[in-house]
Every structure is written in C-alpha cells, then in structure tokens.
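The values are calculated or read from the model by the stated rules, or taken from the named source; none is laboratory data. The model shown is predicted, which means the values in this text are computed figures rather than measured ones. Glycine gets a Cβ as well: all are built from the backbone with ideal geometry, and neighbour counts include every protein chain shown.
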C-alpha cells in the first residue's frame, strides 16, 4: 500500500524544477539549520508543534491496550482471554477506530473552513472527546462480563468515539499547521517588472523572483518537516513514559507464571493520556494566527 501510494504521488504531483544555479550545497550548517524554527513572526507554529507532540504522547497510550485487555477485561465466562481472543479484540478495535477516523477526517476538515466554526473549536472538541474516552476506558473492567453491555462492548464503543476525536484532530491540526507556517507570514517583497525594461533587466528580475519563491518553498518544506518530527517525538516519549508509569503503579508480584499488571497502573496511564490530550488542546489555544 505504501509503495502504491508513493508511486501515485510521484506520478501525479506537479513540481517546478529549481534552476541549478539556485540550488544550495548540503553542508553541516545547512543541515543543522533545517532543525530550527523561525519565530520572528510569532510562536504560533511552535505551539502547533508542541500541541501535536502532546497529542502523540496521548495517543501512545493505545500501545498498552493489548495488556489492558489481557489483565483487566475478562471473557464472557469470566476467564482470562486467550492469545487468539486478544488478537480478535485488537483487530476489531483497530479497524473500528481507523474506519471511523477516516470517515470523519474530510468532513471535519471542511467544517473547519467555515468562518463561524473555525479550526480551534474543533481541536478543543477533539481533545475533549479523546480525554473523555480515556476516562471511560477505566469503567470497562467494572462491567459484568456476561451482561448486555459487556466490558468489550464498552471498549468498542469508546473506540468509535475515540476515532471521531482522532480523525477530527488530525485533519484540523494539519490545516492549522498550514495556516501558521512561518514561511507563509514571512515578509518577502517581490519586485514588480516595470513596463519599459530591456531583456537583460527582465531576465535579472525574473531570476530574482524565482529565487525568492524558491526560498519560500524551501522554508515551507523545512517547516513541515519539523512539524512531522513532532509525531515521532511524541511517539517516542509516550511509550517510555507510560511503560515506566505502568511498571511503577501497576506491577504485581504473583506466584503465577502469567505476567499481569494491576488496575492502578492502567488507571495511571489512562489519566496520563487524558492529561496529554488536554495539554494538546491548551497549546492550540495559544495560537493566534488562525481562528
């Protein structure tokens, strides 16, 4: 799938080739500068970066859902689920959440273009929904395993709600990132071509405009690259943080060979995920360059 979509993107994307004399050599200083953000026009993009990092820290709680199901969610007969049963549950959860997120992403993105709604309100709503789901996850183990609304039913319902919040956040956060690109707000004065110019002057002016446009495009690509790093940063910090939290608050020493963690550990990481999602929304509140 990745290979197919890559080929489609390469074949359909329209690019303007950069003249060879305008290309810059790759040096260590140029490489180091690619990891810096231009905050001369404000800190909006930095807040978007931090907010997205917190979002992925919160999302990484999902990496421990398998263990949560294993240790806290019994089967209908009240026994510990088998490996096969866990795989079925995880498949159902993943497919449900992904399908719902994909279904709501586009309409939420379009809705954020509405001046009366805006983007920030949708981010607040998405973060609130995801934070609430983590709290609802903690209620699942207390449901009777053979009841109509079983623990697994609660988990699946939570995943549907979580998918709505996730799809909404990802699409609107992308739009906010584009709205707040530092290169978009950088003041670059383009030179207008006078009516009476000889061919050499016209060529020089055209070259200068190409250079200015190339500089802007290059900065935009770099900024979006940094924005993308926030996902890797949050996905790296989250599992380390939640794994240590689960070990600290949930480890139980038993004589059984089956490893398990107590409810306190899972409650701790769920509350942590709730806090991370809330912080993601708070960061977007500091963004001034979008409504």
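Some notes on this structure:
- Residue 125 being part of a helix (DSSP H, G or I), surrounded by 14 or more Cβ atoms within 10 Å (Cβ to Cβ) and in contact (Cβ under 8 Å) with a residue 60 or more places away in the chain: no
- Number of the condition not met by residue 290 [criteria: (1) within 24 Å of residue 49 (Cβ to Cβ); (2) not in a loop (DSSP other than H, G, I, E, B)]: (2)
- Within segment 155-184, the residues that satisfy the criterion of being surrounded by fewer than 19 Cβ atoms within 10 Å (Cβ to Cβ) and either closer than 30 Å to residue 75 by Cα or modelled with pLDDT of 95 or more (or both) are 156, 157, 160, 161.
- Every residue from segment 271-287 that is surrounded by 15 or more Cβ atoms within 10 Å (Cβ to Cβ) and not in a helix (DSSP H, G or I): 287
- Flag set for residue 95, criterion: exposed (fewer than 13 other Cβ atoms within 10 Å of the Cβ), within 30 Å of residue 173 (Cα to Cα) and under 24 Å from the mean Cα position of the chain (by Cα).
- Residues in segment 36-49 that are assigned to a helix (DSSP H, G or I) and surrounded by fewer than 20 Cβ atoms within 10 Å (Cβ to Cβ): 46 only.
- Residues of segment 1-34 classified as surrounded by 10 or more Cβ atoms within 10 Å (Cβ to Cβ), within 22 Å of residue 227 (Cα to Cα) and at pLDDT 70 or above, total: 1
- Checking every residue in segment 103-112 against the condition of being over 23 Å from residue 70 (Cβ atoms), free of Cβ contacts under 8 Å to residues at least 60 places away in the same chain and surrounded by fewer than 16 Cβ atoms within 10 Å (Cβ to Cβ) gives at least one match.
- A Cβ distance below 8 Å, combined with a sequence gap of six or more or placement on separate chains, defines the contacts here; from segment 61-90, residues that are on the phi > 0 side of the Ramachandran plot and surrounded by fewer than 19 Cβ atoms within 10 Å (Cβ to Cβ) reach residues that are at pLDDT below 90 and part of a loop (DSSP other than H, G, I, E, B) in the pairs 78/145; 78/146.
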